[in-house]
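Below: one structure, written as structure tokens.
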Amino acid sequence: MMSNDVPLSWYDFEVCISNLQTLPDDLDTKCLTGSLILIEYSVFEIVPAVLVRLNPSYLSIVGNSIQVLPPELFAIEGLTAPGIGDTMVHELPQNVTQFPSTLTYLYMSSTNISYFWLWIDQLLERTSRIGGYPLICAGGPAYCDELAKIANGSTASFNVHPLSQYSTNLMDPSKAAINGSVWLSVD
């Protein structure tokens, strides 16, 4: 990666369980755009900007100590399924203004996310037309715990104060009941 003779056809980049903390800032000049990138269970604390510039078709940063996700991560054209699970993330970025036509799945199990911003509704609507699996794999975050409590009747609402900037689909307690529409989007 640090060498100048990295194969220009390098398409599949996988690092699992490492002490990798960052990436060379010029990695996007050495790798193919649209590469598959998995950097899992390493020690990243931020998402390096070069990952966004690489325009990966698949990106997994599962298991890193990342707390904040850049909104640009959700605007990578060609990206199909970002993996952000088992991180220290407590919210998705609020100011996502565009997302790729290719985005169909979000893996965010074992995060601290307890609410969703309004932009996720546009994504849910688009992917619901595609059919198939739920868009969001969210087992384990605070959101799913609250969702389960609403579904089983032990609470009537989410713990966060309702805001107009929140998702009207995923943050509506009436849609969280068993067989409610939330369950069509979240697993």
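What tally of residues in the range 30-41 results from selecting those that are touching a Ser or Thr at 6+ places or on another chain (Cβ under 6 Å) and crowded, with 21+ Cβ neighbours inside 10 Å?
0
Going through the range 134-151 one residue at a time, which ones are free of Cβ contacts under 8 Å to residues at least 12 places away in the same chain and assigned to a loop (DSSP other than H, G, I, E, B)?
Of everything in the range 134-151, nothing turns out to be free of Cβ contacts under 8 Å to residues at least 12 places away in the same chain and assigned to a loop (DSSP other than H, G, I, E, B).
Taking the criterion of being among the charged types (D, E, K, R), in contact with a helix residue (DSSP H, G or I) (Cβ under 6 Å, 6 or more places away or on another chain) and either farther than 19 Å from V15 by Cβ or not in a loop (DSSP other than H, G, I, E, B) (or both), would at least one residue in the range 82-93 satisfy it?
no
Just to check your reading of the model, which residue among G83, G78 is of a type in the set (G, A, S), modelled with pLDDT of 95 or more and under 27 Å from Y166 (Cα atoms)?
G83
Residue pairs, Cβ under 9 Å, 6 or more apart or interchain, first in the range 161-182 and farther than 25 Å from N95 by Cβ, second at pLDDT 90 or above and among the aromatic types (F, W, Y). List them.
Close Cβ pairs satisfying both conditions: P173/F158; A176/F158.
Among (1) touching a helix residue (DSSP H, G or I) at 6+ places or on another chain (Cβ under 9 Å); (2) modelled with pLDDT of 90 or more, where does Y107 come up short?
(1)
Which one is farthest from P93 (Cα to Cα) among residues in the range 116-143 that are β-branched (V, I, T) and at pLDDT 85 or above?
I136
Would it be correct to say that L59 is modelled with pLDDT of 95 or more and outside any loop (DSSP other than H, G, I, E, B)?
Judged against the criteria, L59 is a match.
The values are calculated or read from the model by the stated rules, or taken from the named source; none is laboratory data. It should be emphasised that the depicted structure is a prediction, and the values quoted were computed from it without experimental measurement. For neighbour counting, all protein chains shown are included, and Cβ atoms are generated from backbone atoms with ideal geometry for every residue, glycine included.
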